[in-house]
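All remarks here apply to the structure that follows.
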Amino acid sequence: MEKRTIIVTGIGGNVGQGIVRNLRFSGMDLQIIGTNSADFTSGNHLVDSFYQVPFAYDPGYVDSILGIIANEPVDLIIPSTDYEVYYLSLNADKIPCKIALQAPSHPKYTLINTSHGNIILIKTSHLLKAFFPHNTTLILHLP
């Protein structure tokens, strides 16, 4: 499988850091880009590269995400805050990569199998299923 590039937003918070840790533990070949409104966070060391972005409700937020996508080969954005989910979904037609967003007509959670035989429980999303083929697996390990 080719290397994939994923943006994880809100890496200064527990949710964003949890997403990054689980992606790292998956064993997949990933480049993880972290974003946050603060320049330095405890999640900066978990990602391959970091971009400071405005708060999601700021008029410049979507443009800052588009700027990252213009400079990096981004395949998927995984938002970790409610505001980012909301503003990315409002602007999904402007964003030229997949975004992991809740699909309202589907069950809330789904299991995705990885090629390593591991499973992750993740919020269901049309885009997430499109990003990872049906025979691909993400991993969630709890300590």
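All conditions in (1) over 14 Å from Cys97 (Cα atoms); (2) out of contact with any Lys or Arg (no Cβ under 7 Å at 6 or more places or on another chain); (3) not aliphatic (A, V, I, L, M) hold for Glu72, with the sole exception of (1). Determine which member of the set Asp48, Asp58, Asp75, Asp93 is under 22 Å from Arg4 (Cα atoms), of a type in the set (Asp, Glu) and more than 14 Å from the chain's Cα centre (by Cα). That would be Asp93, the only listed residue that is under 22 Å from Arg4 (Cα atoms), of a type in the set (Asp, Glu) and more than 14 Å from the chain's Cα centre (by Cα). Of the strands (runs of 3 or more DSSP E) that lie entirely inside the range 26-94, not one contains 3 or more residues that are acidic (Asp, Glu) and surrounded by 19 or more Cβ atoms within 10 Å (Cβ to Cβ).
Pick from Ser26, Ser42, Ser37: which is among the hydroxyl-bearing types (Ser, Thr, Tyr), touching a strand residue (DSSP E or B) at 6+ places or on another chain (Cβ under 8 Å) and either free of Cβ contacts under 8 Å to residues at least 60 places away in the same chain or under 19 Å from Ala92 (Cβ atoms) (or both)? Of the residues listed, the single one that is among the hydroxyl-bearing types (Ser, Thr, Tyr), touching a strand residue (DSSP E or B) at 6+ places or on another chain (Cβ under 8 Å) and either free of Cβ contacts under 8 Å to residues at least 60 places away in the same chain or under 19 Å from Ala92 (Cβ atoms) (or both) is Ser37.
Quick note: the coordinates plus some simple rules give every number you see, no bench work behind them. Because the structure is predicted, anything quoted here is derived from the model rather than measured. Here Cβ is always computed from backbone atoms with ideal geometry, including for glycine, and neighbour counts include all displayed protein chains.
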